[in-house]
Amino acid sequence: MKNKFTPKITLFYCINSFNESDSFPIIKDKNCNIHTVKMACSSMVKDVFLLRAFESGADAVIVFVCPEGQCRYVEGNIRAKKRVAWVKKLLDEIGLDGKRLSIFNLSRGDEKNISKAIDTILTDLTDLGPNPAS
Amino acid sequence: MPKKYHIETSLAPPRFQPIGKYTTIEFREDCAGSCRECVKKKCVYNIFKDNYQHMSSMAEPEYVYACMSCLRCIQECTKGIFSRVINPEYRTLGDQYWNADIFHRTWYQAHTGSIPVSGAGYRGPFVGQGFDSMWTDMSEIVRPTRDGIHGREYINTSIELSRRPERLSFNEDMSLAIEPPPILELPLPILFQLPSFGLLSTNTLLSIIKAAAKIGTLVLIDPANINDTFKPYLNNLVPMLTSDNYASYSDIIANCQMVELAYKKGIEKEFEKLRNIKKDLFISVGIPLTPQGSDIALELAQTEVDTLHYYADKDGRELNTEDPRFLKDVIREIHLKLVDNAIRQKINLLFSGGIAMAEHVNKAIICGADAVAIDNSLLIAMECRMCLRCKDGLSCPVKLEDIDSEYGCARIMNLMGAWRNQILELLGAMGLREVRRLKGEVGRSMWFEDLEEENFGPIFGKRKVPSF
Amino acid sequence: MGNDIKKVKLPEAVETPSRFRNTIGKYTIKRNSNCIGCGLCAELCPYGVHKKPINYSRPFRPVEHKCIGFKCKENDFYCIDRCPAKALTLRLNPIMETIGDYRWPAEMMLAHFAMAETGDLPKVDLEYNLGNSGGGFDKIRFIKADPDQYIELDDEEIDTSVKLNKTGDNRPDITISIPCYGGGMSYGSTALSVMIGRARMAKRLNTLTCTGEGGYPPELLPYKEHVITQVATGLFGVQEETIQRCPIMEFKYAQGAKPGLGGHLLGEKVTKEVAAMRETVIGSSLFSPFPFHSVYSVEDHKKHLDWMKEINNRVLCSVKVSTPTDVDMVAIGAYYAGAHIFHIDGSYGGTGAAPDIAKKNIAMPIEYAIPKVHNFLVAEGVRDKICLIASGGIRNAMDVLKAIALGADGVVIGTAELIALECIRCTNCESGRGCARGIATTDPELSIMTTEEYTEQRIVNMYLAWRKQWCSLLREFGMQSIKELVGRSDLLVHLDYLDEDERAKYQPAPQQHMII
Amino acid sequence: MIVGEQKPIAEIIKSIQPYRKILILGCGTCVKTCFAGGEDEVAVLASALRLSFKKDHQEIEIDELTVERQCENEFIQEAAESIGNNDAVLSLACGAGVQAIAKRFATSPVLPGINTSFIGIQENPGLFTEECSGCGNCELATFGGICPITRCSKKLLNGPCGGSRNGKCEVAPDTDCAWQLIIDRLKILGQLDNIRSYIPPKDWRPSTSGGPRKLVREDHII
């Protein structure tokens, strides 16, 4: 399973945590294919969307949300976090490993941490290997 | 009765979900479920139903739709679980000049062939840059057209792109003593040209060319792009040539009505050689819109050119200058310079760049143009989002390169049909029966600076903020 | 001031809350699950944001539109700080950026909702006097008044009435108590309850409303002294008796939103009722042509006015036109034809449906047309013989005053009245089933969303709030009557015409970039 | 409402193993309200199951449908076609819903996807509490609207046990003592006398101990 592969990652992000056009270069240079889904508020990341991303072949799914306490809708990022935790549990149960799904609190332009977040996932994925359900 | 010119329109729904303006945010945890009053079921526009269908059929989530913004779901939900934001994609659609609103309107027109109609009053700024700082006139009581709706189909939108003799002279037997030059008439003061970006595949180009052929206008095109597929349409193609390369395209030129030569000093020497390839060839000279534009116009107007085609940048501004003026002012300058030299009627002025809405056509003509050429709008009509991914070699989100040329043609015809109807609306309101009458008719328009000076000047004195 | 000041009797403001369950506020308050239901917030808040009914164990969802927001922080009743469970969070409501447009920004709309609800000026910090359009009224300000001019008068002692007949032709001296009357909205374009409600409002406030082109429903008869009959180019629903019964008839040449374009009522909208009212055939499209086919000159026009005056010898004639370059010439023509009221409708005015290209581009904004016509009539020496009414883009109480100072006698209000009924300018009046909010629609399910009582009281409330603003400005300038303000453009400044240091003394023009 | 909780996914996977075409049938009433069996839960479960089977390289086809109410004939009808097209139905309704499907569709296997927990309410978002045991003979009038049979761990009818501490139950210390609540509330209502009277041993015959219950409304039977 530890063969080299180019991981497919689906990135859901709230527009207050990440700006695709500014930070695109970071993503581009990583050794992976990233598909991005822009959200007006991270609370829009429903559990079914996370699962569908895996169904459409993502090896890992990342959610970028704004820092806690900064959500324009007050609780959006907390809801997102709870849903991610719920789906992680579900993934564990079906044997897909919850580690494939992760969430990060970031602010726009914080490129160091954005880069770090993606690296963390890529490291995890070298152990996890490709999505067995893809 | 004269034959009525009409652009055939037909519904051409988008192939891809257009980018909607609003996104509804839903805090589902706040809703304990089965509300009999559920606003999702009651939505007047059935948006939630469609959205769910959309969602369940998609491999990837699609949470954005075209909400009509009545706010009822937000205000009536028993649990108050909804809020609304502007779709982040909509915010990044287009740019400052080609804004999201222009995209929406263009898509709507290309889809339906109808003119955008809405309730409530005007929603935009009081005045804006360029064409947005002029208003067109209307005639309150006395009007030569019969009435706003029934007389409209008789309003003539045709123009000529052929030069005219300065005066006629007659022999003693009253026969013409000169040979009048041939006439090139277009039924619409709009030509097509290709944008500087976009996946201009054979299909894309063919869509544009077919539409031009059907409505009877011309497409300005790089002759290198003309392949065998386009050969049946040569009559509607205007190859854009340079003095260096035209010799190698003589077979194409021989089958075209009109060609365009890129301007350079002494270009007029080539005209005769071109007409040696094809007699009666109509010649346009393509000139970048720079502060020297009016001098060039005066110089070329004396020659055997038919049309001067000025290229502004994509936002309708002058090129190669630190403080670029907008089309509106430059057209006026060029037009007036020719008028002052009593030579305006001899040639035709064509402008392109920044013509994004139907009203720009009327306004450019009021400023002194004979016609305009459009570019980006053609792609937007075919669902282009101007994301410019194609410039980086990335895939097109609406697969423009695969467009079916019949469908693309229908979308463009719809847009042109809708534009023409809007041109007629404005002409009708002014009581004009011919678009040619509009040329340089500044008296039938109102300009921001003049209105301010005339009406506010006596009250407030002198403007301290130089326009805006 | 002498004792001869007559006190005006104003109708009563009655609290008329929103028709909708959830109101929209500038601020949003979230109560999270830490709430212990102690009810302290409900005891503290004097604005009624938090409600906890007796006997109920927890507070209701906050009434957000009443929250005064961050400025409340200074108060000892600031719920966010006082909540023992720290269960409350206050934010600017992000929905604000999705509402409104350059001319009617979200705050101006919410403020009008609040005025229509309470009859008073909003307590929340909303900008309701200025739009975001970056020109015209939004850049015009009244100068600071000399404090010595101030007169101590109650609102009831200030006269805001407008005399509509200045000709001295022995026809009735119709005077309306506020400098505004209602614009024409035809039968079929709005719900019948809205039409009747507006007429009831006109009666309560002693002003007028207008039928629009589309007939005179019999339900309006009880209010006939306050209903203008419109005669437009299609002559739909115009009968001898509708002209005989009206105090004022309005000749509509053009509408500001779509000058020079006729009207077009789609066949499907011509229901049985509409057809009967317009005396036409069910299901066939109706065109209101442009212009009047019988009017091709001022002489033709005079003939029409004479005809009306002959049918009803107490009627006043109003001539409604839009604003082309020669609107001043049209005005003088109308005067010589014998009009009592000359009504100019500016190009940014409202409509039930018009091509966007027309709304934006044809004819000039009303801000230019008022001084143009006013000054021309003054120069011709006839200004005091005709009543000049302006409309089209007059949104709020200050716009009314600015229009009057520029030279109008009064104004006609359309959109603002609908905003009072919670129109949010979604612009879909005509599409599909019509107005989703039940205002400009005849859809059987949607049109029952508004009632006559609601319509009447909400608009009365709004005008009562406006009147407070009018009175306060008139007091500042030492004027007892709004008539003194007519043409006083010397009291106005335009920000773009001031030097920078002078400009700094005035409230800057909002210049926020919007996505519309 | 009926409160339920989705079964562990492993159990569900096991139960649907024999079938290749499954309809996940949600119910839009009670179990939707407790986030166990509405449209959203159906979609999540379907997606999770597809992933799980695909991971193990097994074929499965999953249909999704949610009806307004699985325990009512009218609404079940809407599902008839989908049920016919599938090998089995995985019902995300309470036990009543599952059996209603089983009764109507003679040859379709029906599998429960939910454990029916209790009759309760949503106390706070995300917190559901049991309020009624369906004992068949309601005594709430005596107890100020608080049910000792359901909410007292020992089902005591004649006053609290000695284990009530600071208003909490000795059996489940995070639970309020129902008798404390009853007494507090009766005090407020001025009905404390209610509990002076002796409550005789409860007649459990109308409850579950009497075998399957049946309610006959003669006036509705024609």
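The values are calculated or read from the model by the stated rules, or taken from the named source; none is laboratory data. Since the model is a prediction, treat every value here as computed from it, not as a measurement. Cβ coordinates were reconstructed from backbone atoms using ideal geometry, including for glycine residues, and neighbour counts include every protein chain displayed.
General observations
- Applying the set (1) surrounded by 10 or more Cβ atoms within 10 Å (Cβ to Cβ); (2) farther than 16 Å from D:THR129 by Cβ; (3) of a type in the set (A, V, I, L, M, F, W, C) to D:CYS152 leaves exactly one unmet item: (2).
- Scanning the stretch C:414-436 for residues that are in a loop (DSSP other than H, G, I, E, B), over 13 Å from C:ALA353 (Cα atoms) and charged (D, E, K, R) turns up C:GLU422, C:ARG433.
- The set of residues in the stretch D:1-50 being away from chain B (no Cβ under 13 Å) and in a helix (DSSP H, G or I) consists of D:ILE9, D:ALA10, D:GLU11, D:ILE12, D:ILE13, D:LYS14, D:SER15, D:ILE16, D:LEU45, D:ALA48, D:LEU49.
- The residue of the stretch B:123-135 that is surrounded by the most Cβ atoms within 10 Å (Cβ to Cβ), among those that are over 21 Å from the mean Cα position of the chain (by Cα) and under 24 Å from B:ASP329 (Cβ atoms), is B:PHE126.
- Residue among A:ASN16, A:ASN31 that is part of a loop (DSSP other than H, G, I, E, B), closer than 26 Å to A:THR126 by Cβ and in contact (Cβ under 8 Å) with a residue 24 or more places away in the chain: A:ASN31
- Number of residues in the stretch C:478-507 that are within 24 Å of the chain's Cα centre (by Cα), outside any helix (DSSP H, G or I) and more than 9 Å from chain B (Cβ to nearest Cβ): the value is 7.
- Counting only helices (runs of 4 or more DSSP H) that sit wholly inside the stretch B:405-468, those with at least 1 residues that are over 18 Å from the mean Cα position of the chain (by Cα), more than 8 Å from every other protein chain (Cβ to nearest Cβ) and of a type in the set (Asp, Glu) are B:405-430, B:448-451.
- Tally of residues being in contact with a Phe, Trp or Tyr (Cβ under 9 Å, 6 or more places away or on another chain), within 14 Å of chain D (Cβ to nearest Cβ) and either modelled with pLDDT under 80 or in a loop (DSSP other than H, G, I, E, B) (or both) across the stretch B:6-33: 5
- Verdict on D:ASP193 being of a type in the set (D, E, K, R), out of contact with any helix residue (DSSP H, G or I) (no Cβ under 9 Å at 6 or more places or on another chain) and outside any loop (DSSP other than H, G, I, E, B): no
- So C:SER297, is it out of contact with any His (no Cβ under 6 Å at 6 or more places or on another chain) and within 30 Å of C:GLY432 (Cα to Cα): no
- The stretch B:71-82 residues that are assigned by TED's automatic domain parsing to the domain that holds B:VAL44, paired with ones that are assigned to a helix (DSSP H, G or I) and of a type in the set (A, V, I, L, M) (beta carbon under 6 Å, 6 or more apart): B:CYS73/B:VAL39; B:GLU76/B:VAL39; B:CYS77/B:VAL39; B:PHE82/B:ILE74
- Elements of type strands (runs of 3 or more DSSP E) contained in the stretch B:181-251, each with 2 or more residues being β-branched (Val, Ile, Thr): B:219-221
- When residues of the stretch C:242-292 are limited to those that are basic (Lys, Arg) and modelled with pLDDT of 80 or more, the one farthest from C:CYS387 (Cα to Cα): C:LYS272
- From the options A:LYS82, A:LYS46, A:LYS28, residue that is closer than 28 Å to D:GLU59 by Cα and either out of contact with any strand residue (DSSP E or B) (no Cβ under 6 Å at 6 or more places or on another chain) or crowded, with 23+ Cβ neighbours inside 10 Å (or both): A:LYS46
- Residue ID - surrounded by the most Cβ atoms within 10 Å (Cβ to Cβ), chosen from residues in the stretch C:90-113 that are more than 15 Å from B:CYS70 (Cα to Cα) and facing another protein chain (nearest Cβ under 7 Å): C:ARG103
- Flag: C:ILE459 does not match the condition of being outside any helix (DSSP H, G or I), hydrophobic (A, V, I, L, M, F, W, C) and in contact (Cβ under 8 Å) with a residue 12 or more places away in the chain.
- Residues satisfying the stated conditions in the stretch C:3-29, i.e. surrounded by fewer than 16 Cβ atoms within 10 Å (Cβ to Cβ) and modelled with pLDDT of 90 or more: C:GLU12, C:VAL14, C:GLU15, C:PRO17, C:ARG21
- Residues located in the stretch C:30-61, provided they are at pLDDT 95 or above and in contact with a strand residue (DSSP E or B) (Cβ under 8 Å, 6 or more places away or on another chain): C:CYS41, C:VAL49
- Filtered residues of the stretch C:270-293 (kept if more than 14 Å from C:GLY188 (Cα to Cα) and either crowded, with 17+ Cβ neighbours inside 10 Å or within 11 Å of another protein chain (Cβ to nearest Cβ) (or both)): C:PHE287, C:SER288, C:PRO289, C:PHE290, C:PRO291, C:PHE292, C:HIS293
- Residue match in the stretch D:70-77 (condition: surrounded by 19 or more Cβ atoms within 10 Å (Cβ to Cβ) and closer than 26 Å to A:GLY95 by Cβ): no
- Some residue of the stretch B:283-294 being over 30 Å from B:ASP132 (Cα atoms) and either in contact with a helix residue (DSSP H, G or I) (Cβ under 7 Å, 6 or more places away or on another chain) or surrounded by fewer than 17 Cβ atoms within 10 Å (Cβ to Cβ) (or both): yes
- Residue within the stretch B:263-278 that is surrounded by 18 or more Cβ atoms within 10 Å (Cβ to Cβ), assigned to a strand (DSSP E or B), within 27 Å of the chain's Cα centre (by Cα) and modelled with pLDDT of 95 or more present: no
Table: residues versus (1) in a strand (DSSP E or B); (2) in the same structural domain as D:ALA43 (by TED's automatic domain parsing).
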{"site": "D:ILE83", "(1), (2)": "no, yes"}
{"site": "D:SER91", "(1), (2)": "yes, yes"}
{"site": "D:ALA102", "(1), (2)": "no, yes"}
{"site": "D:SER108", "(1), (2)": "no, yes"}
{"site": "D:PHE128", "(1), (2)": "yes, no"}
{"site": "D:GLU131", "(1), (2)": "yes, no"}
{"site": "D:LEU140", "(1), (2)": "no, no"}
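- C:GLU452 meets the stated requirement of being modelled with pLDDT of 95 or more, within 24 Å of C:GLY352 (Cβ to Cβ) and of a type in the set (Asp, Glu).
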